[in-house]
Structure formats: structure tokens, C-alpha cells
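**Q** Can you keep this structure in mind? I'll have questions shortly.
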Amino acid sequence: MESMHLSLILIGISVLHPRMDALEKLDEPVLWGPSIALERSVVDFFCEIPGKPTTLSVQYELYVKTNPDKSIGEYSSLSGEFATFYLITAEQHNGRLICKASGHNDTDIESSFSNGLDFRVIVPVTEVNIISHPSIESIWEGETLTLQCAKTKGTYVSYDWLWNDAPVQMPYDRNNDTLIIHRVSAQNAEYVSKPEISFDVVKHDIGGYKGIITCQSKKGTPLYTFSLLNHTDLIATETTDATRVFFNMAIELNRYMGQVRCNASNEGNWVLSEPISLTVESVGGAVTMTPFKHVGLDFQVISVELHCKVERGTFPHYSWFLNNSRLLGRGDLVARSDESVLALSVDRDNAGFYHCQASDRFDNSTSICSPKMLISKEALNTVSPLVVIVVFTSFALLNVAVIACCIYGVVLRRRYSRKYPLRKMRITDKQEDEEEEDEDDLMLESYEEDVVQADRLSDSAEDEDQSVDETVLYEGTDSE
């Protein structure tokens, strides 16, 4: 009985306290990717455990070090491949990134973390205004004036201060958004800058449309006087200490309403804006939706940008739909003056039929829809039959061209040989004649050498006969 109790106790201890040697700690993963990117751009980060067995399934997660509780990317490596994190950059991604590796559905594997990767997200500067402390309207000569360059958005910003379009000649910190002017005087007054003019259209509740024209100067010392001009005719004027004013005009759609300019003045100077046309065209024509694919290292489409554009319209407004339902809170939308861009990651959650709809921004009573487009991993990574036909047709035409060139070369060679046979024979006969002449010359030279040699032999024989005769004559004389 006691042994049974002891066994139960040991089993309970083993369940509550698993063996420490059963935990397997993963090696430190390596994280790599870009170090800088613009906001709303598409970037890829990669993470891998060097030398990891292909049979080990690993769950990778990407974090910003300052916010370790929120993952900005996940990847399940089930067959040994390295992790790929697809990211549409945002300002919250700025900082040091960390990759975490843990066992995929395996709690017996201890997690490990990579070294940090510093990543900077560049957010463009927008809506810059100058704030004065104290207010310019209540400052006295001789006081200290602090000017602050306030921005709505922007990261990694440097500041340059200008006075009447020339650089400020006093020292200041370019990394600081403030400029301090000690002992303000009348010489520090600043002329008004060239105004910017823009307009928008709204619909009246009682019918008709109204144009709201905005005139704005970004710098200058108040008071300002803004005037709205149609060519040289004065339409309206307003004096204010604000840097921006609004003028209203009645607008008729699809009709040329002329050009207007804005005039701004202060301290005796005045400047005119560029002209703008007051023609407002309703949306119309076809609405097109064009996909732009982003491919990963494995040549698979990992994300797509859908660009929606209407054929005509001065103030178009775009709406997106997935499976005929209004698209809200999915993807990344970028609104531009002439089109709308929807960025999507290619996964199961975003699969479906997409289309966009264009309408007037000031009146959505009528709208135009684009054709529907299927967005899915399978559809985007399948080669279309048209591409296959074009590729194989081009390859076949190339082969036919090569074969035709070869056949033409053979036929041309045969025709050439048939066309000039006598020339070949003449060349051959001439060569044979030259060879025969050479042989005759050789035979003649040999004959001449033989004749010379024979003459020499004949002379030698005559000399010998003469010598013999003389000897015989001499001997006969002696005997007598």
C-alpha cells in the first residue's frame, strides 16, 4: 500500500515538474533586411536559424523592441525554409526590430531571440506652420521672439530658416524646430509669401453647387489683405491676421467658369498666386483597376497593389469592395488626386473578388464600377494561357527563322557553285599550265646541265688521247 502511494506521488511530481533536460533551446536566429524605408512602402525582412535541421518546424515572429507584446509579422517554417516577413511600413515600425524563434506547436522547445536590426521609417513632412511665442500681434520692439516650426507629420527632420527667401544669418540648431530672435525690431518684419490657391466643391441642400476657394500664405507679418481676382476684375477681398481665407462662388458643373487668382499683401508689398481654372467635370467614362505584383525570393507573388482610376472627373472619390461588400479596415489605402491605391498581402484572409467604385466627391448620387478581379495566391501565381501562347509562339518563330537561314545558306551556296563553274575550270587549267611550265623549266635546266657535263667529259677524253700520242711519239724518238 505504501509503495502504491509512493508511486502516485512520484507520478504527480513528474507531471508538475517536467524534466529540465527535456527542454531544447533553439540556436540564435539571424535577422536581416533593409535599414531604411519610406512610410507606406513594401519591404521584406528575413529570419533564419543557421544550420537548423530541415525536419524541425519553427515559428518565427517579428517585433519592435520597444513594443515586445505586439507582433508585426509571423511565419511558420515547416520544411526548413527561412522566414519571410512582408511589411507595409508605418511609423510604429520605426526602431530596433527583433526576431523571435520558437517551436511550432511544441512547448518543449525554448525560444531564442536575434540581435536587433535598426530600422528607420522616413515619414515625409506635411502641413508645416510657424507658431510664435509670444503672438506676433502683441510683441513689442526689444522683446525676445521664439518661432516654432510645427509639423503635422515627419520623421528625421532638419530645419532651415529663411527670412524674405534668404537664409537667416543668425546661428541656430538645424535639428531643433525653434528659432530664437533676441531684441526684435522693425527690421525683422517679414513680407508676405506668394499665396497658394486651391478650391473644392460642395453641394447645396437646396440644389446647385458651391465652390470654396482657399487662399493661403505660409509666412509673413500680419495684417494680411487677400483679394480674389477673375483676370483683372475684383471678386472679393478680406483683411485678417490669419494666414488663410476662404471665398465662396457659385459653380455650374461641366462648364468653363474662367480662371481666378489670389492676391496677398502686407507692409506695402503684394504678390499674386498662380491661376486656377474653375471648371468642374463630373466623373464619367470607364473605371479601370490595374494590379501591380510584388514577388518574393521564391518568385511567388507575396503582395499586390490595385490602382483604381476613372477616365474623367475633377474631384473623383473611390470606394473599394470585396465580394460586393464595402471594404473596411483591410489592406492599406492611399488616396491620390487622380487615383486610389489599395495594397494587399496575398493570403487567405484577403482572397476574393475585388472591384472599385468611382463617384463625385461632392455628390455620390451616381457612381461607376470597375470590372471585378480575383485576388488569391493561386490566381496570381498561375501563368495565364495568353502568356504561354506568346512564349511558345515566339520560340517556334525563332526556330523557324534559324532553320530558314540555314536552308537559305545551303541553297545560295549551291547556286553560286552552279553559276560560276567555268571560272573554276579556268582557274584549274591555269594552275595545271603553270605546273607544266614549271616541270618544263626543270627538265630544260636538267638537260643543260647534262650537256655541259658531256662537253666537259669529251674535252677530258681528247686531252687524254693527245697525251697518249705525245708519249708514243716521244718513245719512238728515243729508240731511234
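The values are calculated or read from the model by the stated rules, or taken from the named source; none is laboratory data. Owing to the predicted nature of the structure, the values given are computational and were not obtained by experimental measurement. Backbone-built Cβ (ideal geometry, glycine too); neighbour counts: all protein chains shown. For accessibility, only protein heavy atoms count, side chains too; no ligands or nucleic acids. Shrake-Rupley method; radii C 1.70, N 1.55, O 1.52, S 1.80 Å.
**Q** Applying the selection to segment 102-136, what residues are among the aliphatic types (A, V, I, L, M), closer than 26 Å to S41 by Cα and not in a loop (DSSP other than H, G, I, E, B)?
**A** Of everything in segment 102-136, those that are among the aliphatic types (A, V, I, L, M), closer than 26 Å to S41 by Cα and not in a loop (DSSP other than H, G, I, E, B) turn out to be L117, V121, I122, V128.
**Q** Check F395 against each of (1) of a type outside the set (A, V, I, L, M); (2) under 27 Å from T89 (Cβ atoms); (3) without any contact (Cβ under 8 Å) to a residue 60 or more places away in the chain and name the one condition it does not meet.
**A** (2)
**Q** In addition: Check off (1) in contact with an Asp or Glu (Cβ under 7 Å, 6 or more places away or on another chain); (2) more than 30 Å from Y172 (Cβ to Cβ); (3) open to solvent by less than 40 Å² (accessible area, probe 1.4 Å) for V123 and give me the number that stays unchecked.
**A** Every condition holds for V123 apart from (2).
**Q** Just one of the numbered conditions (1) under 28 Å from G207 (Cα atoms); (2) touching a Gly at 6+ places or on another chain (Cβ under 7 Å); (3) of a type outside the set (F, W, Y) is not true of V287; which one?
**A** With (1) under 28 Å from G207 (Cα atoms); (2) touching a Gly at 6+ places or on another chain (Cβ under 7 Å); (3) of a type outside the set (F, W, Y) applied to V287, the lone miss is (2).
**Q** Given (1) of a type in the set (S, T, Y); (2) modelled with pLDDT of 90 or more; (3) within 23 Å of the chain's Cα centre (by Cα), where does Y86 come up short, assuming only one miss?
**A** (2)
**Q** So for segment 343-353 (the condition being open to solvent by 30 Å² or more (accessible area, probe 1.4 Å), under 30 Å from R255 (Cβ atoms) and of a type in the set (A, V, I, L, M)), does at least one residue qualify?
**A** No, segment 343-353 contains no residue that is open to solvent by 30 Å² or more (accessible area, probe 1.4 Å), under 30 Å from R255 (Cβ atoms) and of a type in the set (A, V, I, L, M).
**Q** Can you spot a residue in segment 219-235 that is among the aliphatic types (A, V, I, L, M) and under 19 Å from T314 (Cα atoms)?
**A** So far as segment 219-235 goes, no, none of its residues is among the aliphatic types (A, V, I, L, M) and under 19 Å from T314 (Cα atoms).
**Q** So, I36, is that one in contact with a Lys or Arg (Cβ under 7 Å, 6 or more places away or on another chain), modelled with pLDDT of 90 or more and open to solvent by less than 90 Å² (accessible area, probe 1.4 Å) or not?
**A** Taking the combined requirement at face value, the residue satisfies it.
**Q** Out of the residues in segment 212-226 meeting the condition of being at pLDDT 90 or above and over 14 Å from L272 (Cα atoms), tell me which one is surrounded by the fewest Cβ atoms within 10 Å (Cβ to Cβ).
**A** Result: I212.
**Q** Taking the residues in segment 103-115 that are open to solvent by 20 Å² or more (accessible area, probe 1.4 Å) and touching a residue at least 60 places away in the same chain (Cβ under 8 Å) as candidates, determine which candidate is farthest from G33 (Cα to Cα).
**A** D108
**Q** I've got another one for you. For residues in segment 154-186 being surrounded by 12 or more Cβ atoms within 10 Å (Cβ to Cβ) and touching a residue at least 40 places away in the same chain (Cβ under 8 Å), which is farthest from R120 (Cα to Cα)?
**A** Out of the qualifying residues, it is V184.
**Q** A further question on this structure: Just to be sure I understand the filter: pairs with C-beta atoms under 7 Å, separated by 6 or more residues or on different chains, first member in segment 265-284 and over 12 Å from P195 (Cβ atoms) and free of Cβ contacts under 8 Å to residues at least 60 places away in the same chain, second member open to solvent by 40 Å² or more (accessible area, probe 1.4 Å) and among the aliphatic types (A, V, I, L, M). Which pairs pass?
**A** Final answer for the pair search is T279/M257.
This table checks each residue for (1) part of a loop (DSSP other than H, G, I, E, B); (2) in contact with an Asp or Glu (Cβ under 9 Å, 6 or more places away or on another chain); (3) crowded, with 17+ Cβ neighbours inside 10 Å.
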residue: D27; (1), (2), (3): yes, no, no
residue: L31; (1), (2), (3): no, yes, yes
residue: V43; (1), (2), (3): no, no, yes
residue: Y60; (1), (2), (3): no, yes, yes
residue: P68; (1), (2), (3): no, no, no
residue: S71; (1), (2), (3): no, yes, no
residue: Y86; (1), (2), (3): no, yes, yes
residue: K100; (1), (2), (3): no, yes, yes
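**Q** Given the conditions (1) open to solvent by 60 Å² or more (accessible area, probe 1.4 Å); (2) out of contact with any Phe, Trp or Tyr (no Cβ under 7 Å at 6 or more places or on another chain); (3) under 15 Å from T290 (Cα atoms); (4) of a type in the set (A, V, I, L, M, F, W, C), report the number of the one that L374 does not fulfil.
**A** Result: L374 fails condition (2) only.
Table: residues versus (1) open to solvent by less than 80 Å² (accessible area, probe 1.4 Å); (2) of a type outside the set (S, T, N, Q); (3) over 43 Å from the mean Cα position of the chain (by Cα).
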position	(1), (2), (3)
D233	no, yes, yes
T240	yes, no, yes
E252	no, yes, no
N269	yes, no, yes
S277	yes, no, no
V280	yes, yes, no
G285	yes, yes, no
Q300	yes, no, no
S303	yes, no, no
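**Q** A follow-up question, please. Test S76 against the criterion of being of a type in the set (S, T, Y), under 30 Å from V125 (Cβ atoms) and within 30 Å of the chain's Cα centre (by Cα), and give yes or no.
**A** no
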